[in-house]
Structure formats: structure tokens, C-alpha cells
1. Do the conditions hold for T98, that is, is it closer than 18 Å to S122 by Cα and either among the polar types (S, T, N, Q) or not in a strand (DSSP E or B) (or both)?
2. Within region 89-115, work out how many residues are among the aliphatic types (A, V, I, L, M) and exposed (fewer than 14 other Cβ atoms within 10 Å of the Cβ).
3. Exactly one condition in (1) over 18 Å from T139 (Cβ atoms); (2) surrounded by 14 or more Cβ atoms within 10 Å (Cβ to Cβ); (3) aliphatic (A, V, I, L, M) is not met by I47; state its number.
4. Here's a check for you: in region 126-155, which residue that is in a loop (DSSP other than H, G, I, E, B) and touching a Phe, Trp or Tyr at 6+ places or on another chain (Cβ under 8 Å) is surrounded by the fewest Cβ atoms within 10 Å (Cβ to Cβ)?
5. Only residues that are modelled with pLDDT under 95 and β-branched (V, I, T): list them for region 105-131, please.
6. Within region 31-57, how many residues are closer than 21 Å to Y112 by Cβ and in contact with a Ser or Thr (Cβ under 6 Å, 6 or more places away or on another chain)?
7. Cβ-Cβ below 9 Å, separation at least six or inter-chain, first residue in region 96-109 and of a type in the set (G, A, S), second outside any strand (DSSP E or B) and at pLDDT below 90: which pairs?
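The values are calculated or read from the model by the stated rules, or taken from the named source; none is laboratory data. Note that the structure is predicted; figures quoted are calculated from it, not measured. Methodologically, a virtual Cβ is constructed for each residue, glycine included, from the backbone with ideal geometry; neighbour enumeration extends over all protein chains shown.
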Amino acid sequence: MKRKHLKRWLIVAVFLFGSLAATAHSAPLFTMSHTLQLDETFRSTLIKDEGGASAYEQGSITVSSKVVGYWYKSFRAPENKFPLNAAVITLTLFLGTTAPYQNIILQGSHDYNSGVEVGSVSSASGVYAPLIGREFSLTYGSPSTTSYVTIYGNW
């Protein structure tokens with residue numbers, strides 16, 4: 001193989017297998033599943049209507065005690081006739097500390113019995129785009145204003 005073609009093949013292979021290098025960006029490069037700590041700074045009261053109830057939360061994202069971004073989460077719980085004890089969630093991670101923020105949008109469900117949230121990355125910008133489709137889980141810690149989101153796979 002000529003050197004020029006080998007170089008192109010390697011670039012394509014690196015992109016396809018999720019090992020993108022963050023060369024021109026300040027985004028972190030992780031080589032396995034990674035867990036981010038979400039510290040809550042605001043939680044709305046439950047807003048009820050005839051279709052169910054909604055709530056909103058927001059806060060900062062920390063890694064090794066350093067703020068690396070911010071997050072916003074919305075819940076939507078259907079009315080009582082819904083057979084599952086669950087809610088629909090959308091969690092947006094705003095990564096970086098200056099605009100324009102790179103972002104990762106997670107969508108899934110909240111199980112009221114266990115408190116665990118699961119789903120997948122539905123959208124992502126910039127260097128995080130290869131995460132689309134990856135699974136995530138979110139668990140609550142102690143104190144209750146701290147939670148941990150894990151995105152699975154290489155990123």
C-alpha cells in the first residue's frame with residue numbers, strides 16, 4: 001500500500017472505531033466508559049397538568065473536583081393510568097466553560113422503583129458526535145443533589 005493511501009485508511013479507521021483525537025478542540029479524550037459527576041444547583045417543584053407532571057433540574061458537571069461544564073434535565077411523567085412507574089427524561093450536557101458549548105443530549109427513562117435512569121445518546125455536537133447511539137445510565141449518590149452519569153464505550 002502506498003503511504004498516502006495507508007494514511008487515509010488509518011484516518012478512516014480511527015474515526016469509525018470511535019477513537020477520535022481531539023486535536024483542535026479542548027474536549028477530553030476518553031478511552032473507555034466514563035462517568036461524570038452532576039451536582040444539582042436547581043430543582044423545580046412538580047408541575048402537574050391533565051397529562052401528567054413535569055420537573056426540571058440543572059447544575060454543574062465535575063471531573064476530579066473541577067467544573068468542566070453544565071447540565072439541564074427535564075422529566076415528564078405520564079398520568080396515573082400509565083402502566084409503568086417511569087418517567088421520560090432528556091438530559092443535556094453542556095461541555096466546556098466558554099460559549100459556544102459542545103453538547104451531548106441523552107434521552108431515556110427514569111424508573112421510580114430503583115431510581116436508575118437509562119437510555120442512549122440521541123444527539124451530540126463537534127468531537128462528541130461519535131457518541132450518538134451509545135448507552136448511558138444515571139444513578140443518584142449521596143447527598144441526593146449529586147448524581148453520576150456513565151456513557152458506555154470508547155469515547
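1. Values: closer than 18 Å to S122 by Cα: no; either among the polar types (S, T, N, Q) or not in a strand (DSSP E or B) (or both): yes.
For T98, the condition - closer than 18 Å to S122 by Cα and either among the polar types (S, T, N, Q) or not in a strand (DSSP E or B) (or both) - is not met.
2. Number satisfying all stated conditions: 1.
3. Among (1) over 18 Å from T139 (Cβ atoms); (2) surrounded by 14 or more Cβ atoms within 10 Å (Cβ to Cβ); (3) aliphatic (A, V, I, L, M), I47 violates only (2).
4. G141
5. V116, V127
6. Count: 5.
7. G96/H25; G96/S26; G96/A27; S109/L84
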